[in-house]
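**Student:** Mind having a look at this structure? Questions to follow.
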Amino acid sequence: MPAVRPFPQQGSIFLDARGDDRALRVSWHEESGLVVLSLWRDNVCAGSFRLSIDEVPALIELLRAGLVRSYESARDRLSSAETA
């Protein structure tokens with residue numbers, strides 16, 4: 001079995017809402033010009049995706065726009081419930 005590499009100093013781990021020891025790890029690899037997104041389950045990497053640092057702003061914008069829509073939708077639902 002290959003040795004587990006240490007987690008880079010710049011990165012983060014996000015736990016999956018479904019539990020079951022599922023996680024997304026995000027790690028910056030400046031020396032390679034990459035951000036690696038990896039999916040983990042039970043401390044085993046199930047898959048990874050290498051994203052060029054140049055593409056990170058587009059991913060951030062996509063996530064930001066989705067977050068704005070989610071907040072607007074929640075606000076609209078709350079407003080509708082309060083006037084009902």
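The values are calculated or read from the model by the stated rules, or taken from the named source; none is laboratory data. Note that the coordinates shown come from a computational prediction; the quantities given were computed from them, not determined experimentally. Note that we place each Cβ from the backbone using ideal geometry, even for glycine, and neighbour counts take in every protein chain shown.
**Student:** Being more than 16 Å from the chain's Cα centre (by Cα) and either closer than 20 Å to residue 25 by Cα or not in a helix (DSSP H, G or I) (or both) is the filter here; which residues of region 50-84 pass it?
**Tutor:** Matches in region 50-84: 54, 84.
**Student:** Next question. Among the residues of region 15-72, which ones are touching a helix residue (DSSP H, G or I) at 6+ places or on another chain (Cβ under 9 Å) and either on the phi > 0 side of the Ramachandran plot or among the basic types (Lys, Arg) (or both)?
**Tutor:** 33 - this is the single residue of region 15-72 that is touching a helix residue (DSSP H, G or I) at 6+ places or on another chain (Cβ under 9 Å) and either on the phi > 0 side of the Ramachandran plot or among the basic types (Lys, Arg) (or both).
**Student:** Please determine, by comparing only the residues of region 28-39 that are modelled with pLDDT under 95 and surrounded by 13 or more Cβ atoms within 10 Å (Cβ to Cβ), which one is farthest from the chain's Cα centre (by Cα).
**Tutor:** Looking at the filtered set, the residue picked out is 29.
**Student:** Anything in region 1-20 that is of a type in the set (Phe, Trp, Tyr) and either modelled with pLDDT under 70 or in a loop (DSSP other than H, G, I, E, B) (or both)? List them, or say none.
**Tutor:** 7, the sole residue that qualifies.
**Student:** If I go through region 13-27 residue by residue, how many of them are within 9 Å of residue 39 (Cβ to Cβ) and of a type in the set (A, V, I, L, M, F, W, C)?
**Tutor:** Total meeting the criteria: 2.
**Student:** What is the one condition in (1) modelled with pLDDT under 95; (2) surrounded by 12 or more Cβ atoms within 10 Å (Cβ to Cβ); (3) of a type outside the set (A, V, I, L, M, F, W, C) that residue 48 does not satisfy?
**Tutor:** Among (1) modelled with pLDDT under 95; (2) surrounded by 12 or more Cβ atoms within 10 Å (Cβ to Cβ); (3) of a type outside the set (A, V, I, L, M, F, W, C), residue 48 violates only (1).
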